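What follows is a structure written as structure tokens; I'll ask about it next.
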């Protein structure tokens with residue numbers, strides 16, 4: 001069995017997937033017909049790969065929230081807010097050739113475990129993220145994939161993304177919970193009520209469709225070199241918007257599928 005320092009490698013047809021347990025359980029490489037689709041845009045764990053966001057996705061306003069009468073504060077890893085959970089910059093344990101897991105603990109104030117399983121077929125990748133709580137906790141999850149705008153031998157990336165609604169953001173850049181009409185891009189915003197699954201197309205190259213059981217989607221397309229299309233099970237700052245609670249014995253499960261042609 002591989003250890004955390006050794007990437008998991010899965011291959012099927014023209015697809016090759018590498019997962020790095022040591023780097024926050026992220027997809028470090030995904031190739032179709034030898035073309036790398038995953039980007040690294042800067043130094044630091046936020047800026048590369050396709051990584052899981054748990055036990056919260058997106059920002060928590062100023063890292064502060066109240067849960068069942070107690071106040072909690074998290075480190076501000078993108079000041080002035082906490083962002084993208086606490087497991088994307090920690091090593092994960094390898095369970096098998098396709099499954100990894102990590103225990104929740106400080107700085108997250110609740111106990112539990114997060115696992116991630118990868119299934120690669122010749123025409124699809126299915127990723128399952130599961131949070132099993134040992135005590136009641138506020139939690140929502142998702143993924144943060146960085147896709148290259150340019151891949152070898154293909155035209156610049158085209159995104160087909162048709163949301164019906166967008167979460168309003170306030171002066172701090174945080175979702176307020178109120179839904180509004182989507183504004184024109186560029187975006188760093190959360191959406192819902194999609195007319196179809198998001199589709200990424202590199203003309204003359206791959207075409208990738210993303211589907212998920214998550215109802216909220218963040219799109220970040222403010223860079224010239226990469227974009228992010230992020231399914232998540234609740235909007236940013238959900239803990240301060242009366243968001244979901246995960247109880248022991250009732251795990252939170254999120255799925256994401258990439259299908260290509």
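The values are calculated or read from the model by the stated rules, or taken from the named source; none is laboratory data. As the structure is a prediction and not an experimental result, all values here were calculated from the model. As a convention, Cβ positions derive from the backbone with ideal geometry for all residues, glycine included, and neighbour counts pool all protein chains shown.
Within segment 89-96, does at least one residue satisfy the condition of being outside any strand (DSSP E or B), touching a helix residue (DSSP H, G or I) at 6+ places or on another chain (Cβ under 9 Å), at pLDDT 95 or above and more than 25 Å from residue 31 (Cα to Cα)?
No, because not a single residue in segment 89-96 is outside any strand (DSSP E or B), touching a helix residue (DSSP H, G or I) at 6+ places or on another chain (Cβ under 9 Å), at pLDDT 95 or above and more than 25 Å from residue 31 (Cα to Cα).
Sticking with this structure for a sec: Checking residue 100 against (1) touching a helix residue (DSSP H, G or I) at 6+ places or on another chain (Cβ under 9 Å); (2) over 19 Å from residue 12 (Cβ atoms), which single condition isn't satisfied?
Failing condition for residue 100: (2).
So, of the residues in segment 100-123 that are under 24 Å from residue 16 (Cβ atoms) and surrounded by fewer than 17 Cβ atoms within 10 Å (Cβ to Cβ), which turns out to be farthest from the chain's Cα centre (by Cα)?
By that ranking, first place goes to 122.
Would you mention how many residues in segment 45-65 are surrounded by fewer than 17 Cβ atoms within 10 Å (Cβ to Cβ) and either more than 15 Å from the chain's Cα centre (by Cα) or within 22 Å of residue 202 (Cα to Cα) (or both)?
2
Counting only residues that are farther than 16 Å from residue 257 by Cα and in contact (Cβ under 8 Å) with a residue 12 or more places away in the chain, give me the strands (runs of 3 or more DSSP E) lying completely in segment 193-241 with at least 2 of them.
Ranges flagged: 216-220, 226-232.
Residue by residue through segment 157-181, note down the ones that are surrounded by 17 or more Cβ atoms within 10 Å (Cβ to Cβ) and part of a loop (DSSP other than H, G, I, E, B).
Residues satisfying the conditions are 157, 161, 174.
So which residues in segment 66-99 are farther than 21 Å from residue 129 by Cβ and more than 18 Å from the chain's Cα centre (by Cα), if there are any at all?
Result: 66, 67, 68, 69, 70, 71, 72, 73, 75, 76, 79, 80.
Looking at residue 65, is it in contact with a helix residue (DSSP H, G or I) (Cβ under 8 Å, 6 or more places away or on another chain) and in a loop (DSSP other than H, G, I, E, B)?
When the stated conditions are applied, residue 65 does not pass them.
Could you grab me the full set of residues in segment 68-88 that are surrounded by 14 or more Cβ atoms within 10 Å (Cβ to Cβ), touching a helix residue (DSSP H, G or I) at 6+ places or on another chain (Cβ under 7 Å) and not in a strand (DSSP E or B)?
Within segment 68-88, 74, 76, 84, 88 meet the criteria.
Still on this structure, please answer the following. One residue is enough: does segment 117-135 have a residue meeting the conditions on the phi > 0 side of the Ramachandran plot and at pLDDT 95 or above?
So far as segment 117-135 goes, no, none of its residues is on the phi > 0 side of the Ramachandran plot and at pLDDT 95 or above.
Another one. Restricting to segment 12-44, count the residues that are out of contact with any strand residue (DSSP E or B) (no Cβ under 7 Å at 6 or more places or on another chain) and either part of a strand (DSSP E or B) or surrounded by 15 or more Cβ atoms within 10 Å (Cβ to Cβ) (or both).
3
Per-residue answers, yes or no, for (1) within 30 Å of residue 111 (Cβ to Cβ); (2) at pLDDT 95 or above; (3) in contact with a strand residue (DSSP E or B) (Cβ under 7 Å, 6 or more places away or on another chain):
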site: 147; (1), (2), (3): no, yes, yes
site: 156; (1), (2), (3): no, yes, no
site: 166; (1), (2), (3): no, yes, yes
site: 198; (1), (2), (3): no, yes, yes
site: 204; (1), (2), (3): no, yes, no
site: 230; (1), (2), (3): yes, yes, yes
site: 236; (1), (2), (3): yes, yes, yes
site: 239; (1), (2), (3): yes, yes, yes
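Here are the criteria: (1) within 20 Å of the chain's Cα centre (by Cα); (2) surrounded by fewer than 17 Cβ atoms within 10 Å (Cβ to Cβ). Tell me which single one residue 147 does not satisfy.
(2)
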